[in-house]
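The values are calculated or read from the model by the stated rules, or taken from the named source; none is laboratory data. Computed from a predicted model, the values in this text were never measured in an experiment. Cβ placement follows ideal geometry from the backbone for every residue including glycine, while neighbour counts extend to all protein chains displayed. Quick note on the areas: whole protein, heavy atoms, side chains included, nothing else; ligands and nucleic acids left out. Shrake-Rupley method; radii C 1.70, N 1.55, O 1.52, S 1.80 Å.
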Amino acid sequence: MSVTADDEGFMASAIRLSRRHLGRTATNPSVGCLIVRNGVVVGSAVTALGGRPHAEPQALAEAGERARGATAYVTLEPCSHHGKTPPCAEALIAYGVARVVISVTDPDPRVSGRGIAMLRQAGIEVDAGVLETEGRRSLAGYLTRQTKNRPYVTLKLAVSADGMIGREGEGQVAITGPEARAEVQALRAETDAILVGIGTAIADDPLLTVRTPGLEAQSPIRIVLDPSLALPLTSKLVQTAREVPVIVVASEKVSPLAADAEGLPPSVLPDISPTDSADIDSRRTALETAGVEVVYCNPYHPEVLLPALATRGISSLLVEGGAKTARLFLEAGLVDRIQIYQAPGVIGEGGIESPLQATDIPSGFMHMSTRMFGDDRLDEYERGL
Ligand code: AOF
Ligand code: ZN
């Protein structure tokens with residue numbers, strides 16, 4: 001049997017379902033599964049919060065006897081390994097499913113084609129690669145961490161009509177309206193970690209949490225690139241570090257002068273004054289006492305930092321500011337998705353220029369969509385996975 005339009009329709013539903021637990025199943029991917037018998041969905045599930053149970057056994061349990069002879073639609077190849085749960089491929093076989101339709105094959109070395117082989121050996125018909133582009137987008141964090149050993153990076157910018165992202169010395173300036181801000185909250189909720197530079201952390205004193213009622217528990221880990229540990233103990237980030245984790249990435253070389261010596265352009269270096277190491281040690285102790293985790297890693301080289309974050313299980317990272325941090329990631333070629341909110345208001349005098357305008361998106365990015373949130377226009381650009 002070949003793949004039909006109905007197959008694509010059910011897979012689209014499975015992908016949509018999988019998105020429900022995005023950012024809440026780490027380090028497992030959020031997978032969607034539908035069991036369909038005679039064109040009717042008789043079981044459906046998404047990977048449980050925390051990553052287990054996997055999607056398939058839950059959908060099969062709902063379908064029960066009706067799974068016999070049915071078709072299963074799964075966004076990721078069913079697992080074949082005995083991990084923390086038994087293999088999903090075995091469950092599909094045991095329930096007597098006749099056909100399995102898969103969007104994306106699993107790069108996990110414990111699975112990687114073995115799930116499909118197990119199903120076929122049991123006489124089950126398998127079609128893989130259905131709506132693969134959409135499936136890969138829904139699994140972007142998982143696939144990027146598995147295959148590139150780093151998180152999937154989204155850069156979000158809110159730009160005024162005159163191309164500014166803020167005003168010098170004024171802290172947080174409202175650029176977008178409430179609808180766009182609500183959408184950003186939803187994006188944070190499905191992301192593992194959110195990152196800002198020390199300049200933004202000091203100037204804006206942001207909280208970086210999810211405040212949407214009911215979704216507060218989905219706040220991402222908050223990360224500050226802070227070479228010389230300048231994050232104030234009175235900042236909102238430090239004050240709330242015991243409720244939502246804060247990681248401060250400090251320079252291994254302590255002094256920003258050392259970074260200068262590495263030949264990095266001033267456009268990516270934060271404005272910090274050199275400090276002596278005794279001072280650094282006492283600040284580290286104070287931050288740790290307040291519940292902040294201090295990690296020593298080169299904050300100027302995302303290509304070093306990102307694998308370290310992946311090793312901690314972070315699959316998706318949202319870079320929210322400021323201009324220097326955005327440039328650092330863009331210049332390293334380590335941005336996978338760009339979201340630009342274009343707002344109608346003008347910042348004018350003293351504006352901080354956006355590191356990126358909708359007219360100079362780096363090559364390799366494809367324009368994916370334009371959506372309106374109130375008066376603000378969101379343009380989304382992605383690179384291929
Ligand atoms: C599936 N269905 O819903 C998910 C899968 O640590 P474990 O034992 O839970 O295994 C984690 C691996 O399981 C993960 O790397 C990926 O290969 C797979 N995730 N597989 O059949 C699911 N979430
Ligand atoms: Zn599984």
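Give the residue that is modelled with the lowest pLDDT, with candidates limited to residues of segment 169-197 that are buried (at least 22 other Cβ atoms within 10 Å of the Cβ), of a type in the set (Val, Ile, Thr) and more than 13 Å from the chain's Cα centre (by Cα). Among residues in segment 169-197 that are buried (at least 22 other Cβ atoms within 10 Å of the Cβ), of a type in the set (Val, Ile, Thr) and more than 13 Å from the chain's Cα centre (by Cα), the one modelled with the lowest pLDDT is 175.
Scanning segment 80-96 for residues that are open to solvent by 10 Å² or more (accessible area, probe 1.4 Å) and within 14 Å of ligand 2 (Cβ to nearest atom) yields 80, 81, 82, 83, 84, 85, 86, 90, 91, 93, 94, 95. Being in the same structural domain as residue 48 (by TED's automatic domain parsing), within 23 Å of the chain's Cα centre (by Cα) and open to solvent by 20 Å² or more (accessible area, probe 1.4 Å) holds for only one residue in 112, 103, and it is 112.
The number of residues in segment 29-75 that are among the polar types (S, T, N, Q) and within 22 Å of the chain's Cα centre (by Cα) comes to 3. May I ask you to verify whether residue 75 is of a type in the set (Val, Ile, Thr), under 18 Å from residue 48 (Cα atoms) and open to solvent by 10 Å² or more (accessible area, probe 1.4 Å)? Taking the combined requirement at face value, the residue does not satisfy it. Of the numbered conditions (1) in contact with a strand residue (DSSP E or B) (Cβ under 9 Å, 6 or more places away or on another chain); (2) open to solvent by 40 Å² or more (accessible area, probe 1.4 Å); (3) away from ligand 2 (no atom under 15 Å from the Cβ), residue 67 fails exactly one; give the number of that condition. Failed condition: (2). Is it the case that some residue within segment 268-285 is open to solvent by less than 40 Å² (accessible area, probe 1.4 Å) and either at pLDDT 95 or above or on the phi > 0 side of the Ramachandran plot (or both)? No.
Please go through segment 103-114 and give me each residue that is within 12 Å of ligand 2 (Cβ to nearest atom) and touching a strand residue (DSSP E or B) at 6+ places or on another chain (Cβ under 8 Å), ordered by number.
Of segment 103-114, the ones within 12 Å of ligand 2 (Cβ to nearest atom) are 106, 108, 110-111, 114.
Listed by number, the list holds a single entry, 106.
Of all residues being at positive phi and open to solvent by 50 Å² or more (accessible area, probe 1.4 Å) in segment 115-149, which is farthest from ligand 2 (Cβ to nearest atom)? Just the residue, please. Quick ask: steps written out before the conclusion?
Step one: of segment 115-149, the residues at positive phi are 123, 129, 131, 149.
Subset that is open to solvent by 50 Å² or more (accessible area, probe 1.4 Å): 123, 149.
Values: 123: 20, 149: 22 Å.
Filtering segment 115-149 for residues that are at positive phi and open to solvent by 50 Å² or more (accessible area, probe 1.4 Å), the one farthest from ligand 2 (Cβ to nearest atom) comes out as 149.
Taken across segment 342-357, residues that are surrounded by fewer than 21 Cβ atoms within 10 Å (Cβ to Cβ) and in contact with a Phe, Trp or Tyr (Cβ under 8 Å, 6 or more places away or on another chain) do not occur at all.
Looking only at segment 30-45, how many residues end up being surrounded by 22 or more Cβ atoms within 10 Å (Cβ to Cβ) and either farther than 20 Å from residue 61 by Cβ or more than 16 Å from ligand 2 (Cβ to nearest atom) (or both)?
So the answer is 1.
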